[in-house]
Structure formats: C-alpha cells, structure tokens
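See below for the structure under consideration.
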Amino acid sequence: MKDKEFEKRNRTNINLMSKDLGLKRLSKNWIFNCSKYEYSYHFSWLGRPIIQFPQDIIAVQELIWKVKPDLVVETGIAHGGSLIFSASILELLGHGKVVGIDIDIRKHNKKAIESHPLHKRIIMIEGSSIDETIAKKVYRIAKGKKRVLVFLDSNHTSDHVSKELN
Ligand SMILES: C[S@@+](CC[C@H](N)C(=O)[O-])C[C@H]1O[C@@H](n2cnc3c(N)ncnc32)[C@H](O)[C@@H]1O
C-alpha cells in the first residue's frame, strides 16, 4: 500500500495516551514506517548480521529454551545471524543442532559461518526449501530426533510458506 493511501485510511483522532487504542495505533504506525529504514537489518548476533526485529529474537530465545529441541530447522540463512543465534542458545543448553536451508548461500557468508566458534552446531544445505530432494535431506537429519523446532524465514509469500509447511 502506498504511504499516502495508508495515511489516509488510518487518519483518525485518537488519544495517544489511551491505554489500548493509542498503543495499538502507534505500534502499527511504527511497524509500517520502520520497514522503510530497514530496521530489521540493523542488528547482529555474536558477529553475524541477523535480519530480525529484536522482539522476535527474544521470542525465539523463549521458544528454544522452553522446547529444548534436538534440532532447529531454519529456512532462510542470509548472513547466518539467525543460525548463529539458535546455535548459541543450544550451546547454552548443551544439546541440539541447527540445520539451515537457503536457495543461495553466498560464498563469504558460508565462509564466515564455517569459521564461527558455533559452527559445530550448524549444518547448511543449499537449495530451495520447497524442493522435495532438499526436504528429504532435512528428514534424514531429523530422523530419530524427538523435538524439532522449525522457523520459516525464506520467501514470505503465502503460496511459498504454504508449500514449505506441506
Ligand atoms: C529474510 S532472509 C533470512 C534471514 C535470516 N533468517 C536471518 O534472520 O538473518 C531470506 C533468505 O531466504 C532465502 N530464500 C529465498 N527463497 C528461498 C527458497 N525458496 N528456499 C530457501 N531459501 C530461500 C534468500 O536467499 C535469503 O537469504
């Protein structure tokens, strides 16, 4: 949606100090506008750029700590920050591996991930997350694992995510 159209649709008089409405509107406005500045690209985790909102990083930490997975499957590696992040929590738990899948693992990212101290907990697979042969590789790695946590962060179209889920 274009900025002007978004503003017009959402223009209304609200009391920003009201508990619910003000916060909801401000949050919507913030989310919409911060994407223009690529806010989620501003962070790194233990030296690798991570493309996430800090709030989501906290949420994922809570999930990993709660589930204590044997394996974390992540689609979408990019610079490797989210792989290193999951690996770092697993390292604290003393258990578990991360398998990352990306259609295009850039050489410099691969090299940096491979030379990271947490690489011992990481397996990378290059290919599409909706390719059956790639899915089979992941199945093989997941075989025998009781708790598997999956994060889908590759192509975010509904069609693609639905195929990934299938
Ligand atoms: C948003 S980035 C991932 C960010 C990363 N999870 C992080 O938190 O730092 C999306 C990644 O998905 C990859 N990608 C796009 N389509 C894909 C597909 N069909 N299968 C696997 N990876 C894909 C892109 O190459 C890109 O590196």
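Below, the figures for the structure above:
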item	result
Arg25-Asn155 pseudo-label distance in nm [points 7 Å out on the Cα-to-Cβ vector]	3.9
Net length gained if the chain between Asn13 and Lys107 were fully extended (0.36 nm per residue, minus Cα distance)	28.7 nm
Heavy-atom SASA rank of Ile141, Ile101 (probe 1.4 Å, accessible area, largest first)	Ile141, Ile101
Value of relative contact order over the chain, rounded to a whole percent, pairs C-alpha under 8 Å and six or more apart	20
Solvent accessible area, Å² - Arg25, 1.4 Å probe, full protein context	80
1.4 Å probe accessible area per residue over the chain, in Å²	68
Dipole axis of segment 1-140 (+1 Lys, Arg; -1 Asp, Glu on Cβ), positive-most option in Phe53, Ala87, Cys34	Cys34
Cβ-placed point charges (K, R +1; D, E -1), dipole of segment 1-138 about Cα centre in debye, nearest 20	400
Relative packing of peptides 40-49, 63-72 - highest average C-beta neighbours within 10 Å first	63-72, 40-49
Acute angle (nearest 10 degrees) that the helix 132-142 long axis makes with the longest principal axis of the chain, alpha-carbon atoms	70
Protein accessible area in segment 65-166, 1.4 Å probe - carbon and sulfur %	55
Helix 54-67 axis, angle to the chain major axis (alpha carbon atoms, nearest 10°)	40
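The values are calculated or read from the model by the stated rules, or taken from the named source; none is laboratory data. Model, not experiment: these values are computed from the prediction. Neighbour counts run over all protein chains shown; Cβ positions are idealised from the backbone, glycine included. The protein model used for the area step is the full one, side chains on, heavy atoms only, and it has no ligands, DNA or RNA in it. Shrake-Rupley method; radii C 1.70, N 1.55, O 1.52, S 1.80 Å.
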